[in-house]
1. Search the structure for amide H atoms under 5 Å from the amide H of B:Y25, placed 1.01 Å from N in the peptide plane, and list their residues when 5 or more places away or on another chain.
2. Based on the alpha carbons, how large is the Rg to Rh ratio for chain B when Rh follows Kirkwood?
3. Averaged over its residues, how many other protein chain Cβ atoms are within 10 Å of peptide A:32-45's Cβ atoms?
4. If the viscosity is 1.002 mPa s and the temperature 20 °C, what translational diffusion coefficient in µm²/s does Stokes-Einstein give for region A:3-83 when Rh comes from Kirkwood over Cα pairs?
5. Report, as an integer, the average count of C-beta atoms from other chains found within 10 Å of each Cβ along A:178-191.
6. Hey, got the average number of other protein chain Cβ atoms within 10 angstrom for residues in B:35-47?
7. As a test of understanding, state the convex hull volume per residue of region A:90-216 from its alpha carbons, in Å³.
8. Work out the P(r) tail for the protein assembly as shown: percent of alpha carbon pairs separated by more than 34 Å, whole number.
Amino acid sequence: MSRRTKLLLKENNEAENRIQNEENESILTDITVYIRSSNINSYYQETVRRDILEMIADGEKRGETAREIIGDDYKLFCDNVIAELPRQSRKEQILSSLRDVLPSADILLLIWLGFQLVSQVNSTDPTLYFTVTAGNIFCAILCIAGAFCVVHAICRNAFDTAAVSGKTVFFTVFALLLICICANVFLPFPLLRVHALTAAGATAAVFALYKILDAKLD
Amino acid sequence: MIPSQMLKGTLEGCVLAIISKEETYGYEISEQLMEYGFGKITEGTIYPLLLRLEKNELISATYKASELGPRRKYYKLTEKGNDALEDFFQSYRELSDAVNHLMRDMQGGIQK
């Protein structure tokens with residue numbers, strides 16, 4: 001995220017505290033979440049978030065609710081706003097998705113590295129070469145893809161909470177975790193062996209790539 | 001009440017006209033539209049339209065502090081916006097003349 005976007009994000013997060021009415025606050029959150037799921041870069045997302053936030057704060061001072069300010073159909077309002085903002089190009093979209101995926105991949109790498117180190121410490125014949133199994137790769141892809149699908153579904157249905165209930169999310173996450181455990185148990189086929197330092201270097205490289213992309217995009 | 005479909009094509013020009021009078025903000029535009037007889041048009045309807053006008057460089061926007069506290073986004077017309085407003089009035093006159101002509105003809109027909 002560029003410096004100007006970070007500043008705007010910080011400013012908006014602080015300004016959000018000015019909204020007093022709980023219902024208005026909740027509507028603003030839904031609007032923000034819905035706009036975040038669109039193919040618009042973060043800077044424009046924060047720009048319209050600021051406009052809408054100030055619009056609601058100003059209306060609140062006049063004693064109006066978000067419904068009176070925006071109208072009854074929040075989704076239509078958001079769709080109309082999104083339609084007027086510049087879309088990200090295919091390249092920007094791919095790089096943004098990659099930027100969003102990298103931190104999750106890095107955390108998974110760190111967890112895997114931690115597990116490998118612990119198992120080697122407890123092993124009778126410890127080694128610094130770790131085996132990457134088919135189950136590990138399958139599990140990592142499933143975790144990242146699953147998490148993104150769940151987040152996307154929640155964001156796209158911000159105005160229709162019945163469409164993605166808490167129960168649905170819980171059971172989906174539970175099912176994903178179960179599949180991951182099964183994959184690690186039933187797919188133990190080794191794909192490659194890496195040295196601990198190589199794995200640590202890869203973790204650092206993924207983080208560095210994330211930081212570079214984050215600074216360049218938006 | 002003016003049907004929304006009929007309003008759709010003219011609202012952009014009318015908003016431009018209101019902004020051309022003086023630098024103004026969303027809520028004030030909505031209030032002025034009401035005073036002119038357009039009915040209740042929420043800021044939620046006007047905001048995407050203002051974004052489009054800004055994107056097309058017909059208006060420019062600046063944030064200013066308000067007496068109520070929250071900052072307001074004030075809009076003013078650009079040179080390009082002025083030209084667009086003239087075009088809108090010209091097109092609207094043509095449309096209005098055509099519809100009036102038709103209505104006069106119809107009324108004449110009915111009287112006969």
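1. B:Y75
2. Result: Rg/Rh = 1.08.
3. Values: counts 0, 0, 0, 0, 0, 0, 0, 0, 0, 0, 0, 0, 1, 0.
That average works out to 0.
4. The diffusion coefficient I find is 168 µm²/s.
5. On the way: counts 0, 0, 0, 0, 0, 0, 0, 0, 0, 0, 0, 0, 0, 0.
So the per-residue partner count for this stretch is 0.
6. Values: counts 0, 0, 0, 0, 0, 2, 1, 9, 12, 16, 5, 1, 10.
The mean count of partner-chain Cβ atoms within 10 Å per residue comes to 4.
7. Working: hull volume 16.7 nm³, N = 127.
Convex hull volume per residue, Cα atoms: 131 Å³.
8. Values: 24109 of 54285 pairs.
So the pairs more than 34 Å apart make up 44 percent of the total in the protein assembly as shown.
Bear in mind these aren't lab numbers, they're just calculated from the coordinates by the rules spelled out. Bear in mind that the values here come from a model prediction, so they are computed numbers and not experimental data. Methodologically, a virtual Cβ is constructed for each residue, glycine included, from the backbone with ideal geometry; neighbour enumeration extends over all protein chains shown.
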